[in-house]
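**Q** Submitted below is the structure of interest, expressed as structure tokens.
Just so it is clear, none of the values below were taken in a lab; they were calculated from the coordinates. Here the structure is a predicted model, which means the values were calculated and not measured. Methodologically, a virtual Cβ is constructed for each residue, glycine included, from the backbone with ideal geometry; neighbour enumeration extends over all protein chains shown.
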Amino acid sequence: MSAKILDGKAIAASIRAEIKDEIANDDIKCGLAVVLVGEDEASKVYVRNKIKACADTGIKSYAYYLQQSTEEDEILQLIDALNNDSNIHGILVQMPLPSHINEKKIISAIDPSKDVDGFCAINLGKLFLGEKDVLAPCTPSGIIEILKRSNIEISGKRAVVVGRSNIVGKPAAFLMLKENATVTIAHSKTQDLGLITSSADILIVAAGKQELITQNMVKKGAVVIDVGIHRTENGLKGDVQFDEVSKVAQAITPVPGGVGPMTIAMLLKNTLNAAKKFKSV
Ligand code: NDP
């Protein structure tokens, strides 16, 4: 048995094309502010990719590059101005922030209707309440899109999410619950992880531990979604031992080219949705 490869890159490309068409056909004005504080090289790459993705789809981006030494108050003032700017429909502050800045304070200063990362307590609370039209965190909603667009049934299935971070694991679990999966969340204190993971029809792994999931931890015929990203001498690797696990899984996301490209696509989608909502109020 060899697993079907769930091509996140191709799915993300079709989502981006749909966004581009909708913005052009309906003449939607859509603006995303991207704030980068400091000189973190990986963050610079992420920001560059997000700005390019905006340009490709017709979203106007506004980039703010602030020095590493920028005071918290200055960032809060910028966010306040962006909250009140009618050209801006989404605000993204690239994480991580320098250590003298309180990330929680910054996230909660963003107007929830412009919080296109979906990280603030109000948006996460709405997700918890199962409300519709929530700005949900991009990586978890990208996972749901991969499953749906690959015609993988979620309702009634047993899902295991490995990882309970606020940006991936927990929201992924709630989104799967919203889709009527029966969900188990595993974490670093979980005992006998393999026993839990091998019960999954859909296994989502966001542990940040390279190749943590081995073949014997996966049920034959399971769908495996690998969120992990690890830069190694041999290129990018995930949290799943791809070569071995793909021999038993029914379908699997590769790294790279699986969940990664979906994150930016869902950021663009959240920005478009925020702009449409702004237009309608
Ligand atoms: P965090 O480090 O914030 O969270 C990791 C989670 O995994 C924690 O809940 C932790 O448990 C759990 N965990 C750690 N080790 C184990 C273990 N041995 N067994 C079971 N659970 C374990 O990471 P993130 O959620 O931010 O990211 C996870 C991975 O996804 C990373 O590799 C990251 O690079 C990648 N990522 C990829 C994105 C993409 O676009 N593809 C976007 C965001 C992240 P505990 O809570 O007990 O500590």
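**Q** Over the chain, with a Gaussian network built from C-alpha contacts below 10 Å, which listed residue (I101, I225, I252) shows the highest mean-square fluctuation?
**A** Top of the fluctuation ranking is I101.
**Q** What's the local net charge at K20, with K and R +1, D and E -1, over the other residues with C-beta under 12 Å away?
**A** Its environment carries a net charge of -3.
**Q** A further question on this structure: At 7 Å along Cα-to-Cβ for each site, give me the label-to-label distance between E22 and N102 in nm.
**A** Roughly 3.6 nm, to one decimal.
**Q** A further question follows. I'm a student and want to see the number: the projected area of the Cα convex hull of the range 115-219, averaged over all directions, in nm².
**A** Quarter of the Cα hull surface area: 6.7 nm².
**Q** So what's the gap between the Cα centers of the range 204-281 and the range 1-48, to the nearest angstrom?
**A** Cα centroid of the range 204-281 versus Cα centroid of the range 1-48: 15 Å apart.
**Q** Obtain the nm distance between the two label points defined at K189 and R231 by a simple spin-label model: each point lies 7 Å from its Cα along the Cα-to-C-beta direction.
**A** Label at K189, label at R231, 3.3 nm between them.
**Q** Turning to a different aspect of this structure: Sorted by mean Cβ packing within 10 Å, highest first, what order do the peptides 201-210, 51-60 take?
**A** The densest-packed peptide leads the list: 201-210, 51-60.
**Q** I'd like to know how the chain sits against the 2.2 N^0.38 Å rule of thumb: what's its Cα Rg over that expected value?
**A** Scaled against compact globular proteins, the figure is 1.01.
**Q** Straight-line reach from K60: which aspartates and glutamates have a Cα under 20 Å away, not including same-chain ones fewer than 8 places off?
**A** Output for K60: E18, D21, E22, D26, D27, D80, D85, D111, D115, D117.
**Q** I've got another one for you. Among K220/K269; K9/K277; K178/K247; K29/K52, which pairs are too far apart, with a Cα-Cα distance over 25 Å?
**A** K220/K269; K9/K277; K178/K247
**Q** Could I ask something else about it? When the chain is fully extended, how far beyond the present Cα-Cα distance does R48 get from S280, taking 0.36 nm per residue of separation?
**A** Gain on stretching R48 to S280: 80.5 nm.
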